[in-house]
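Participant: The structure is given below, and queries will be raised subsequently.
The values are calculated or read from the model by the stated rules, or taken from the named source; none is laboratory data. If you're wondering where the values come from, they're calculated on a predicted model, not measured in any experiment. Using ideal geometry, Cβ is built from the backbone for each residue, glycine included, and neighbour counts are taken over all protein chains shown.
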Amino acid sequence: MSVTILHVADLHLVREGPERDYGLAVLAEIVGLSNELPADYLLLCGDVFDSLADMEALRRPFREALEQVAAQVLFLPGNHEQLGAGRQQLSAFDFGKARLLAARPCELVTLGSGDEPVEFLAIPHQDDYSDYPDWPVPAKQARWRVALAHGVVAGMSYCGPADDEQGGSTLDSDLFSRYQVDYAALGHIHSRPPDFRDDGCLLAYSGSARVWRRGEFGPRGGRLVTLAEEISTRFVDFPSAGCFRSLALPLLPDGTLPGLELPGELHDNDYLEVHLQGLVEDENEVARLGERLQGELAGRVRRLEIDTSGITVLAGAASEPAVRQFLELWENNKPPRDHEDHQMWLRARLLGLEQLKRHLEKAR
Amino acid sequence: MIRLLRLGDFGKFRGADFPLGPTTVFLGSNESGKTTLFDALLQALCDPPGNQRAGKLLRERYGEELQVELGGDEVPRIAVQDFLGIHAVRGGEVKLVEDRNWVSSLKGRLFSAGVDLQAVGEELERLAGDDRRAAHNKKLARLRQELAATASRLSQLQSQRQDILRQQQQVKKLEGDITSLGKEIAALQEQRAGIQARLDEQRLSQERQQLEQQRRQLLERQRLHRELAEMEPFAADRRPELEQRQQALDAANKLAAGLQGQSSELDRQLDEARRAERELARQENQQQAQVQTARRLQERLTRFCDNRPRRRVTHWLPGRLAAGSLFLLAALAAILLAAPPLGWVLAVASILPGIILLVTARRSELVDDRQAEARFINELREEWNQRHGDQLRIAADTTVGMRTFFEEILADSDSRQRLLAESRERVLDLEARLQELAASRRAAGEQQQAARLQLHSWLQELGLEKPDEYLARRQQRRRLEEMLEQFPNPVSVAAGKATLVEIIDDIDRRLASLDKQGVTADETSAGTIKKLAHQLEQLQERIERLQRQQASRQQSLSEQRGLLKGRLSDLPEQIRTLAGQQRRLQEQIAELEKNKRAWAIAAGLFSELARDSDRRLAEISDGLCRYLAIMLGRERPAGMTDITEEQLHAVDAGGRERPAHLLSGGTRDAIVLAARLALARQVQGLARLLVLDEPFLALDPQREQGALRMIRQFQQDNDFQLIFFTKEARLRRQVEKLFPGAVIHDLDAPGSKIHNRYSLRPATRKTAE
């Protein structure tokens, strides 16, 4: 007898803007996947809504979506569900099939059919976990105990952008091993760090269920957890969430693009950030190029941002022979786009031009 | 060739036409419009786009509408950088840096609009390098230090955390141990209490038993004592008295008994005799019949024997018979077998003995007729047996036997009669003796009585009934004494401090209290008590041992608690923050390192570009030498001795070969000019135009001539259209001299700015070459 769990977090549903439907589509995919696996339990480990106001506005679609889920749904509040809370209590709202586990400091529920009950230790996001040794957690009775938590576990290695670890409060992994937890379903970190073992307890982040901010590279999704003789877990991807992609486009000094090569797999759910870089004579040309690109690409992706922070301006750059010679030589020697050194060569172009610019400025 | 430069509303000019020849000179002071014309040329030839610098500058200076036009066969189209870099030689550009980098700056001037590519490359290399003095390397080193410090602090915090967790675990374990030890100890103590209770019970039981036993013993002693007291009379040994009396009695008894015995004996004998007599008589009577028969038969027998019947019997002696037979047979044989004389003799010899033998073998004698005898005996026997057969049978079957039989019977009878007479005598004797004895016996009896009385009264005195009781009593008394020894007096009684009764009372009281406690005198063995006591001891040891263990753990616990720095509290937060810092430092370091690699790549590119420049310089070195030679007045193109990619050696004015940077300024300037010409020489097609704007600004006057000659030679060699801009009238004269047919425009002359009457249409563009 094994138990299947779909562990999901950081969906950040928002109530307005283009991201509203995007988020709800991902929620629908989650529901579909849960029924398809089929999962016995669906764990929503925090930051399902981007703020309390979003939760209030979207609670009906949320309930409706969860109507379809066959598994038992557990909803743990994260730090975002408390944003703008003021007087409001989460427990006053109806979340339909999702069972809200918001009791502080923690709450233990035992679920499951007679022969394979599973204990769930829910630890909602709170500011201070330091008195965890005194928590009233009963001794483990069932074969498995799964924890839900939302925060940053000190000591785990993270691989995402620095922003990822901002916010949230810090938990210690000893909390889980002390209370005999077998699997800790964690939320808050949006990237996909490797899972972590501490004294018999497996701690894992599911990663964000959708792309919420720039820099969240790689597929988005959740984790499929199997409780059997051993506990195993792997990532599952949500294609409807798309990916964050970054494209660096080096410009010629006259502000033109030598050739536009788009990345092969661009999906209409992707969030594409285009970086225009280079030394140009007239920044207005860059703006015009940006608009053109916007027109061409905006329809192909869910969200497009054009970044021009990599543009430096030097009057006369287009007619400087040194610039021309350097760019020609660079163009002839650069490795192809899928080569591992390509990014390094783009950087070399930028830095070479920068140095040249200093020379040219001095010369003048 | 371009034949006309026409300006509309352009700067200082409001409609002006300037015809151009193969060589044209624009002469004018500053502010006369030379620059404007130069710009006009630039605009007309290059038409730089408005978003580029050149275009922007033109529009800034001369407005959006740049009314310039070139007229001619075919007007070339030249790129701005080519115009400025190749076609336009401006005096200010000839002077280059006056140091070791002169050659680099020459190359820069010639091929990259003044940018010293080598220098850029070197700077990039320095950035890519690890020179510790560089600011970014210092920053890198600092970041690395910070990273190391952060890592070390982080691992400190991690190990603090581990310590705290481990201590917490130890504390927990110690607490657990202490609790479970406590439980064990409590259980053992309970056990101990149980065993103690049982042991107490057993001891009380034992005490009770002992008391009861003691009591029994004391009572026994008491009883013995009492009994002994009762047997006081038997203390002394009065056996002699007893013996004496006993002996007397014995003697009397013996006498009496003896007499009694005698009397009895006599009685017995008398009885016997009487009986014998009676018996004999009876027997005699009984046998009378037999005796008579015997007598009778005996008589007959005697008569028979006296006339015993005889008969004659003949019997043959077998031996003789046989012998005789043999002889006869021998005789026969002799007759038959032997020869007649011998045979007859033999036969006769044999027959005679034979016959004798045979004859003598017969015997006849007279014998008793045994048969008649036997008949007779049978007769007698039958008669006897018939009469007395049931009492006595005759066995004998011979006369002798019979005779004997009868004689015996008669003899028996005689003897019986004799005996009878004897026994009668005896009886009488015995009776007499008995009477005598009776008298003695009476006397003895009295004596006996007296002795018995004496003994009896002595015994009575002692309360005895029989004499052997005395010994028994005395023995009993002795046994009592012995037994008493087995039940010794308690010390206190012996010392006279208490009596036995008191002690027994004490015991009774104690037993009563034990009774109240319900203590029974169960069969307890000392073994059980010993075993229980041993168990108790062992338990006690275990308890103490466990208590010591518990105490030591308790102490450890206190120590640990003392050391315990409390909870993790904000350590996880600190660790997280530090880990974040560490990551950021790593990112920064990675970024810097990436920059360095990128700088290295860029440096490589610039180095290649610099080498390119070197190569191009080498390409134009021929031309350069040729023109330099002309300029310097040498016949042979011997200006350059060595152009390598790095060095440039030239022969100076004095004829000495020197590296470029040691040449005089003038020589160097000449080289630059020659190089410009050599570079321009590579231009093909329509764009063979050279604009010289105050080209000799830096040159010495004596060099000017040489330079002009050089330019003239250049023009002749390469068929270039030349346009001069200068303010030197001298130069104008020199050009007029050297360049026949040169067109001179004096811009200072009045009216020169407005030169034509034509209105200008917007400048049209000729297609580029």
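Participant: Using the structure shown, decide if B:Gly633 is more than 60 Å from the chain's Cα centre (by Cα), farther than 26 Å from B:Asp73 by Cα, surrounded by fewer than 18 Cβ atoms within 10 Å (Cβ to Cβ) and modelled with pLDDT under 85. Break it down stepwise before answering.
Facilitator: On the way: more than 60 Å from the chain's Cα centre (by Cα): yes; farther than 26 Å from B:Asp73 by Cα: yes; surrounded by fewer than 18 Cβ atoms within 10 Å (Cβ to Cβ): yes; modelled with pLDDT under 85: yes.
When the stated conditions are applied, B:Gly633 passes them.
Participant: Which count do you get for residues in segment B:615-624 that are buried (at least 20 other Cβ atoms within 10 Å of the Cβ) and in contact (Cβ under 8 Å) with a residue 60 or more places away in the chain?
Facilitator: The number of residues fulfilling the criteria is 2.
Participant: Here's a follow-up. Just a yes or no: is a residue in segment A:324-331 in a helix (DSSP H, G or I), modelled with pLDDT of 90 or more and more than 10 Å from every other protein chain (Cβ to nearest Cβ)?
Facilitator: If we filter segment A:324-331 for residues that are in a helix (DSSP H, G or I), which is where we start, we get A:324-331.
Retained after the next criterion (residues that are modelled with pLDDT of 90 or more): A:324-331.
This time we only want the ones that are more than 10 Å from every other protein chain (Cβ to nearest Cβ), so: A:331.
Checked against the condition, which is being in a helix (DSSP H, G or I), modelled with pLDDT of 90 or more and more than 10 Å from every other protein chain (Cβ to nearest Cβ), segment A:324-331 yields at least one hit.
Participant: Of the conditions (1) modelled with pLDDT of 85 or more; (2) small (Gly, Ala, Ser); (3) out of contact with any helix residue (DSSP H, G or I) (no Cβ under 6 Å at 6 or more places or on another chain); (4) buried (at least 18 other Cβ atoms within 10 Å of the Cβ), B:Gly33 clears all except one; give me its number.
Facilitator: Failing condition for B:Gly33: (1).
Participant: Give the residue that is farthest from A:Met1 (Cα to Cα), with candidates limited to residues of segment A:136-151 that are within 31 Å of the chain's Cα centre (by Cα) and within 14 Å of another protein chain (Cβ to nearest Cβ). Talk me through it step by step, then tell me what you get.
Facilitator: Keep residues of segment A:136-151 that are within 31 Å of the chain's Cα centre (by Cα), which gives A:144-151.
Okay, now just the ones that are also within 14 Å of another protein chain (Cβ to nearest Cβ), so A:149, A:151.
Working: A:Ala149: 26, A:Gly151: 31 Å.
Among residues in segment A:136-151 that are within 31 Å of the chain's Cα centre (by Cα) and within 14 Å of another protein chain (Cβ to nearest Cβ), the one farthest from A:Met1 (Cα to Cα) is A:Gly151.
Participant: Moving on. Name the residue, out of B:Gln582, B:Gln549, that is part of a helix (DSSP H, G or I), away from chain A (no Cβ under 12 Å) and of a type outside the set (Val, Ile, Thr). Reasoning before the result, please.
Facilitator: Working: B:Gln582 fails: away from chain A (no Cβ under 12 Å).
Checking each option against the conditions leaves just B:Gln549.
Participant: Give me the residue from segment A:343-364 that is more than 8 Å from chain B (Cβ to nearest Cβ) and part of a helix (DSSP H, G or I) and, out of that set, surrounded by the fewest Cβ atoms within 10 Å (Cβ to Cβ).
Facilitator: Within segment A:343-364, the first condition is being more than 8 Å from chain B (Cβ to nearest Cβ), and the residues that meet it are A:343, A:346, A:353-354, A:357-358, A:361-362, A:364.
Within this subset, residues satisfying the condition of being part of a helix (DSSP H, G or I) are A:343, A:346, A:353-354, A:357-358, A:361-362.
Values: A:Gln343: 15, A:Leu346: 21, A:Leu353: 26, A:Glu354: 16, A:Lys357: 17, A:Arg358: 13, A:Glu361: 10, A:Lys362: 8.
Step by step, filter segment A:343-364, then rank; the result is A:Lys362.
Participant: What about B:Arg452, is it in contact (Cβ under 8 Å) with a residue 24 or more places away in the chain, within 25 Å of B:Gln244 (Cβ to Cβ), of a type in the set (Lys, Arg) and assigned by TED's automatic domain parsing to the domain that holds B:Arg245? Even if it seems obvious, please write down each step before you answer.
Facilitator: Numbers: in contact (Cβ under 8 Å) with a residue 24 or more places away in the chain: yes; within 25 Å of B:Gln244 (Cβ to Cβ): yes; of a type in the set (Lys, Arg): yes; assigned by TED's automatic domain parsing to the domain that holds B:Arg245: yes.
So B:Arg452 passes the test.
Participant: If you go through segment B:507-530 one residue at a time, how many are surrounded by 13 or more Cβ atoms within 10 Å (Cβ to Cβ) and at pLDDT 80 or above?
Facilitator: Within segment B:507-530, residues that are surrounded by 13 or more Cβ atoms within 10 Å (Cβ to Cβ) and at pLDDT 80 or above number 6.
Participant: Does at least one position in segment B:109-122 carry a residue that is surrounded by fewer than 18 Cβ atoms within 10 Å (Cβ to Cβ), among the acidic types (Asp, Glu) and either closer than 30 Å to A:Asp134 by Cβ or more than 14 Å from chain A (Cβ to nearest Cβ) (or both)?
Facilitator: At the first step, the residues of segment B:109-122 found to be surrounded by fewer than 18 Cβ atoms within 10 Å (Cβ to Cβ) are B:119, B:122.
If we keep only those that are among the acidic types (Asp, Glu) too, we end up with B:122.
Pick out the ones that are also either closer than 30 Å to A:Asp134 by Cβ or more than 14 Å from chain A (Cβ to nearest Cβ) (or both) and you get none.
Checked segment B:109-122: no residue is surrounded by fewer than 18 Cβ atoms within 10 Å (Cβ to Cβ), among the acidic types (Asp, Glu) and either closer than 30 Å to A:Asp134 by Cβ or more than 14 Å from chain A (Cβ to nearest Cβ) (or both).
Participant: I want to confirm something. Restricting to segment B:595-630 and keeping residues that are among the aromatic types (Phe, Trp, Tyr) and within 11 Å of another protein chain (Cβ to nearest Cβ), which single residue is farthest from A:Asn333 (Cα to Cα)?
Facilitator: Step one: filter segment B:595-630 for residues among the aromatic types (Phe, Trp, Tyr), giving B:599, B:606, B:627.
Still in the list and also within 11 Å of another protein chain (Cβ to nearest Cβ): B:599, B:606.
Values: B:Trp599: 15, B:Phe606: 12 Å.
Selected residue: B:Trp599.
Participant: If I filter segment A:282-298 for residues that are more than 14 Å from every other protein chain (Cβ to nearest Cβ), over 26 Å from A:Trp345 (Cα atoms), surrounded by fewer than 21 Cβ atoms within 10 Å (Cβ to Cβ) and at pLDDT below 90, do I get at least one hit?
Facilitator: The answer is yes, given that some residue of segment A:282-298 is more than 14 Å from every other protein chain (Cβ to nearest Cβ), over 26 Å from A:Trp345 (Cα atoms), surrounded by fewer than 21 Cβ atoms within 10 Å (Cβ to Cβ) and at pLDDT below 90.
Participant: Further question: If I ask for residues that are crowded, with 22+ Cβ neighbours inside 10 Å and part of a strand (DSSP E or B), which ones from segment A:187-196 would you list?
Facilitator: A:Gly187, the sole residue that qualifies.
Participant: Can you name every residue in segment A:312-323 that is within 7 Å of another protein chain (Cβ to nearest Cβ), buried (at least 20 other Cβ atoms within 10 Å of the Cβ) and hydrophobic (A, V, I, L, M, F, W, C)?
Facilitator: Matches in segment A:312-323: A:Ala318, A:Ala322.
Participant: Can you name the number of the only condition in (1) assigned to a loop (DSSP other than H, G, I, E, B); (2) among the hydroxyl-bearing types (Ser, Thr, Tyr); (3) surrounded by fewer than 19 Cβ atoms within 10 Å (Cβ to Cβ) that A:Tyr158 fails?
Facilitator: A:Tyr158 satisfies every listed condition except (3).
Participant: Counting only residues that are more than 14 Å from chain A (Cβ to nearest Cβ) and at positive phi, give me the strands (runs of 3 or more DSSP E) lying completely in segment B:5-95 with at least 1 of them.
Facilitator: Working: elements: B:13-19, B:23-27, B:68-72, B:88-90.
Because the criterion is at least 1 residues that are more than 14 Å from chain A (Cβ to nearest Cβ) and at positive phi, the strands (runs of 3 or more DSSP E) in segment B:5-95 that meet it are B:13-19, B:68-72.
Let's see how each residue does on (1) crowded, with 22+ Cβ neighbours inside 10 Å; (2) of a type in the set (Asp, Glu); (3) within 22 Å of the chain's Cα centre (by Cα):
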position: A:Asn35; (1), (2), (3): no, no, no
position: A:Ser51; (1), (2), (3): no, no, yes
position: A:Arg60; (1), (2), (3): no, no, no
position: A:Gln68; (1), (2), (3): no, no, no
position: A:Gly78; (1), (2), (3): yes, no, yes
position: A:Arg87; (1), (2), (3): no, no, no
position: A:Ala92; (1), (2), (3): no, no, no
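Participant: Every residue in segment A:191-237 that is of a type outside the set (Gly, Ala, Ser) and either assigned by TED's automatic domain parsing to the domain that holds A:Gly278 or touching a Pro at 6+ places or on another chain (Cβ under 6 Å) (or both), please. I'd like the intermediate steps shown before the answer.
Facilitator: Taking segment A:191-237 as the starting set, the residues that turn out to be of a type outside the set (Gly, Ala, Ser) are A:192-199, A:201-203, A:205, A:210-214, A:216-217, A:219-220, A:223-227, A:229-231, A:233-237.
A:Tyr205, A:Asp237 - these are the residues of segment A:191-237 that are of a type outside the set (Gly, Ala, Ser) and either assigned by TED's automatic domain parsing to the domain that holds A:Gly278 or touching a Pro at 6+ places or on another chain (Cβ under 6 Å) (or both).
Participant: In segment B:134-168, what residues are away from chain A (no Cβ under 12 Å) and closer than 18 Å to B:Ala603 by Cβ?
Facilitator: Hits for segment B:134-168 are B:Ala134, B:Ala135, B:Asn137, B:Leu140.
Participant: While we're looking at this one, here's another question. Can you say whether B:Gln206 is modelled with pLDDT under 90 and either crowded, with 17+ Cβ neighbours inside 10 Å or on the phi > 0 side of the Ramachandran plot (or both), as far as the supplied structure shows?
Facilitator: So B:Gln206 passes the test.
Participant: If a residue must be more than 17 Å from B:Gln287 (Cα to Cα) and modelled with pLDDT under 85, how many such residues does segment B:404-438 contain?
Facilitator: The number of residues fulfilling the criteria is 1.
Participant: Looking at segment B:300-313, I want the residues that are exposed (fewer than 12 other Cβ atoms within 10 Å of the Cβ) and have a partner that is assigned to a strand (DSSP E or B) with Cβ atoms under 7 Å, at least 6 apart or on another chain. Which pairs are those?
Facilitator: Correct list of pairs: B:Arg312/B:Ser364; B:Arg312/B:Glu365; B:Arg312/B:Leu366.
Participant: While we're looking at this one, here's another question. Suppose we filter A:Ala122, A:Ala184, A:Ala204 for residues that are assigned to a strand (DSSP E or B), within 26 Å of A:Pro219 (Cα to Cα), under 24 Å from the mean Cα position of the chain (by Cα) and touching a residue at least 40 places away in the same chain (Cβ under 8 Å); which single one remains?
Facilitator: On the way: A:Ala122 fails: within 26 Å of A:Pro219 (Cα to Cα); A:Ala184 fails: touching a residue at least 40 places away in the same chain (Cβ under 8 Å).
On inspection, the qualifying residue turns out to be A:Ala204.
Participant: Evaluate the following for A:Glu340: is it surrounded by fewer than 13 Cβ atoms within 10 Å (Cβ to Cβ), within 14 Å of chain B (Cβ to nearest Cβ) and not small (Gly, Ala, Ser)? Quick ask: steps written out before the conclusion?
Facilitator: Details: surrounded by fewer than 13 Cβ atoms within 10 Å (Cβ to Cβ): yes; within 14 Å of chain B (Cβ to nearest Cβ): yes; not small (Gly, Ala, Ser): yes.
Yes.
Participant: Could you check how many residues of segment A:308-360 are acidic (Asp, Glu) and either within 30 Å of the chain's Cα centre (by Cα) or not assigned by TED's automatic domain parsing to the domain that holds A:Gln277 (or both)? Even if it seems obvious, please write down each step before you answer.
Facilitator: To start, the set of residues in segment A:308-360 that are acidic (Asp, Glu) comprises A:320, A:328, A:331, A:338, A:340-341, A:354.
With either within 30 Å of the chain's Cα centre (by Cα) or not assigned by TED's automatic domain parsing to the domain that holds A:Gln277 (or both) added as a condition, the list becomes A:338, A:340-341.
Looking only at that region, the number is 3.
Participant: Continuing with this model, one more query. Checking the conditions here, which among B:Ala432, B:Ala451 is surrounded by fewer than 12 Cβ atoms within 10 Å (Cβ to Cβ) and either among the small types (Gly, Ala, Ser) or in contact with a His (Cβ under 8 Å, 6 or more places away or on another chain) (or both)?
Facilitator: Residue meeting the stated conditions: B:Ala432.
Participant: Same structure again: Would you mind stating whether B:Glu587 is within 16 Å of B:Glu125 (Cβ to Cβ), within 8 Å of another protein chain (Cβ to nearest Cβ) and free of Cβ contacts under 8 Å to residues at least 12 places away in the same chain?
Facilitator: Values: within 16 Å of B:Glu125 (Cβ to Cβ): no; within 8 Å of another protein chain (Cβ to nearest Cβ): yes; free of Cβ contacts under 8 Å to residues at least 12 places away in the same chain: yes.
Considered against the rule, which asks whether it is within 16 Å of B:Glu125 (Cβ to Cβ), within 8 Å of another protein chain (Cβ to nearest Cβ) and free of Cβ contacts under 8 Å to residues at least 12 places away in the same chain, B:Glu587 comes out as no.
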